[in-house]
1. Hey, any hits in the range 167-187 for a residue that's outside any helix (DSSP H, G or I), closer than 28 Å to ILE202 by Cα and among the acidic types (Asp, Glu)?
2. In this structure, is ASP216 in contact (Cβ under 8 Å) with a residue 12 or more places away in the chain, open to solvent by 10 Å² or more (accessible area, probe 1.4 Å), among the charged types (D, E, K, R) and touching a Lys or Arg at 6+ places or on another chain (Cβ under 9 Å)?
3. If you take the residues of the range 66-91 that are in contact with a Ser or Thr (Cβ under 9 Å, 6 or more places away or on another chain) and part of a helix (DSSP H, G or I), which of them is farthest from PRO115 (Cα to Cα)?
4. Being within 16 Å of THR171 (Cβ to Cβ) and either in contact with a His (Cβ under 7 Å, 6 or more places away or on another chain) or open to solvent by less than 30 Å² (accessible area, probe 1.4 Å) (or both) is the filter here, so list the residues in the range 102-118 that pass it.
5. Could you tell me which of the residues ARG121, ARG81 is open to solvent by 30 Å² or more (accessible area, probe 1.4 Å) and among the basic types (Lys, Arg)?
6. Can you name the residue in the range 185-227 that is of a type in the set (Gly, Ala, Ser) and under 22 Å from HIS16 (Cα atoms) and is also modelled with the lowest pLDDT among such residues?
7. I'd like to check which helices (runs of 4 or more DSSP H) are fully inside the range 228-335 and have at least 2 residues that are open to solvent by 20 Å² or more (accessible area, probe 1.4 Å), more than 30 Å from VAL120 (Cα to Cα) and at pLDDT 95 or above.
Amino acid sequence: MANVLIIGGAGFIGSHLVTRCLEEGHTVHVLTRPETNLHRLEQVRADIQLHILHLDDRKALQRCFETARPHYVFYLAAATRRKPEPGLGDAFSSVQEDLLGLLSTIAVAAEARVPPIAFVRAGTLAAYGGTPMPHVETQREVPKTTYAAALVAGVHYVEALQPRLPFPIVTARLSLVFGPNQSDEFLIPSLIRCCLVGEHSIVRRPNERRDLLFVDDAVEALYRLSMVHPQGASIVNIASGHAPTMREVAKLIVAASGADPALVEFLSTDTSGDIDLCPSPALAEELFGWKARISLNHGIARTVAWWRENMRLPAHSTTAVQTPFRNNGSPLGRP
């Protein structure tokens with residue numbers, strides 16, 4: 001068994017990864033910021049060691065690594081919901097929190113008395129922007145948001161630093177991940193909640209295509225990627241290889257929830273501005289035999305069932321809810 005450090009382990013994907021690592025018998029350390037809500041860790045709180053600190057606090061970060069002595073590090077700390085701010089504030093925040101936080105963590109890990117065996121960080125399919133599909137790891141990125149730009153910059157810094165590091169770093173470029181316990185600020189849980197409570201919702205760019213990945217498949221890929229730490233692969237797409245339209249996704253949710261189809265409105269938009277995203281999963285299958293196992297239909301059914309069990313449904317609702325999107329048509333942030 002090994003020591004595992006999950007940075008961002010209180011988040012949606014991170015909390016599922018915590019559970020997976022505990023099931024494997026590992027000693028799990030979770031690093032989270034002081035302002036982070038820990039509700040996703042309630043069921044496992046007694047089984048993990050929690051480290052609460054900001055990544056720019058170098059001494060606290062060093063103490064964390066000294067205590068955890070991780071064999072494997074997972075970095076899932078990037079902020080996923082970053083709106084445009086006056087004075088380019090969102091750009092400065094993404095550099096400070098996402099890029100510098102990553103570099104601080106790598107530096108401390110490299111200086112540890114016993115460096116980790118492998119370091120896996122989460123990337124995003126938004127790195128590919130509007131490039132032709134299917135997206136492959138070797139093509140030039142075209143990020144359209146400051147969130148994606150910071151994660152892309154992290155990839156290039158890692159590649160430049162890799163010869164100086166005592167451990168390999170691999171970026172798992174994740175598709176849009178969904179599943180139980182995800183915030184309803186994202187597309188799929190937002191639509192599910194609205195359907196279950198009888199609220200109106202709007203899909204603004206119904207013809208855009210997105211590769212969607214159930215969280216169990218994403219966690220399986222992250223875990224296995226850390227254990228094989230493939231040589232020479234700095235980026236690996238973690239994707240299903242299929243990109244339904246947002247209209248198709250919404251209709252699946254309506255059917256799975258048994259809602260009135262009239263609750264979901266699809267705006268009529270100019271498709272010339274649509275950005276379709278569908279990475280190729282071929283490299284992941286070649287390197288460590290991974291491919292998505294859970295279909296979109298099954299994943300949505302499981303997510304709807306979780307919401308039915310865990311939310312309090314009001315007797316009636318008349319509130320109109322507009323599904324939140326970024327200006328590139330994707331949901332607010334990456335699941």
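1. The answer is yes; a qualifying residue exists.
2. Yes, satisfied.
3. Selected residue: LEU88.
4. Listed by number, the residues that qualify are LEU102, THR105, ILE106, ALA109, PRO116, ALA118.
5. Answer to the check: ARG81.
6. Within the range 185-227, the match that is modelled with the lowest pLDDT is SER226.
7. 246-257, 296-310
Listed here are the residues, each with its yes/no results for (1) of a type outside the set (A, V, I, L, M); (2) buried (at least 22 other Cβ atoms within 10 Å of the Cβ).
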{"position": "HIS51", "(1), (2)": "yes, no"}
{"position": "ALA60", "(1), (2)": "no, no"}
{"position": "PHE65", "(1), (2)": "yes, yes"}
{"position": "PRO70", "(1), (2)": "yes, yes"}
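The values are calculated or read from the model by the stated rules, or taken from the named source; none is laboratory data. Fair warning: this is a prediction, and the values are worked out from it, not measured in the lab. Ideal geometry is used to build each Cβ from the backbone, glycine not excepted, and the neighbour counts take in all protein chains shown. We work out accessible area using only protein heavy atoms, side chains counted, and drop any ligands, DNA or RNA first. Shrake-Rupley method; radii C 1.70, N 1.55, O 1.52, S 1.80 Å.
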